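Reading through the structure tokens given below for one structure.
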Amino acid sequence: MPVEFDGEYWAEHYGGRAAHGVRQPTVHLVTEVADLAPGRALDAGCGEGSDAVWLAARGWRVTAVDLAATALDRGREHAARLGGDVVDRIDWVRADLTTWTPPDVFDLVCSHYVHSTVSMRTLVRRLAASVAPNGTLLVVGHHPSDPHHHGQPPRAAEAQVTAEEMAAGLGPGWDVLVAGTRTRSAGGGHGGTSRDAVLRARRRP
């Protein structure tokens, strides 16, 4: 049967593996966001918090959202290792991205490798609604040609997406700055490279 990426799945996923200490931020986040002035950021599907912590350490005020309580706890531990300034800049929120409505808009909304119960195109539309005028949307997904994503549970195929498909989820009023396929080190002991779909867009004033 297809795997449902619901709360039960993620509780088992994070609960069944050891914490990895301080993780590195997503390479595409570092590439695309390093030139932005810090503001308010939403890290949607933050996992164990490596991206949220990286943003906070650079002056961003971050709302970090994930469905898995264990992942959020590890994110808090990660932030605590870097001191009070980082801790104070992150609000950790346990919520389902498919139903949760952010209380405000953000200068940056980012999401990396989210496996959702809705399509990536639907998720992009929801995330885009939370971007402030002149704000940035950065979404990274597993490209269908990614060799390290093959053989995953049946529902994992719905998390595979091209940048063009994600861009199609945007309405009018956006400038698409990046929409393409990039490679990165696979990590996790896999070796080789992974192929990712990367979308960066700016909401017009």
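Values computed for the structure shown
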quantity: Residue match in region 87-104 (condition: part of a helix (DSSP H, G or I) and under 17 Å from the mean Cα position of the chain (by Cα)); calculated: no
quantity: Residue 37 vs. criteria in a loop (DSSP other than H, G, I, E, B), open to solvent by 60 Å² or more (accessible area, probe 1.4 Å) and modelled with pLDDT of 95 or more; calculated: yes
quantity: Filter result (among the basic types (Lys, Arg) and in contact (Cβ under 8 Å) with a residue 40 or more places away in the chain) within region 103-132; calculated: 121, 125
quantity: Selection count, region 52-77, where residues are assigned to a helix (DSSP H, G or I) and open to solvent by 10 Å² or more (accessible area, probe 1.4 Å); calculated: 8
quantity: Considering residues of region 78-103 that are open to solvent by 70 Å² or more (accessible area, probe 1.4 Å) and touching a Ser or Thr at 6+ places or on another chain (Cβ under 9 Å) only, the residue farthest from residue 132 (Cα to Cα); calculated: 101
quantity: Test: residue 114 is open to solvent by less than 10 Å² (accessible area, probe 1.4 Å), touching a Leu at 6+ places or on another chain (Cβ under 9 Å) and closer than 18 Å to residue 46 by Cβ; calculated: no
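The values are calculated or read from the model by the stated rules, or taken from the named source; none is laboratory data. Model, not experiment: these values are computed from the prediction. Here Cβ is always computed from backbone atoms with ideal geometry, including for glycine, and neighbour counts include all displayed protein chains. Protein only, heavy atoms only, side chains kept; ligands, DNA and RNA dropped before computing areas. Shrake-Rupley method; radii C 1.70, N 1.55, O 1.52, S 1.80 Å.
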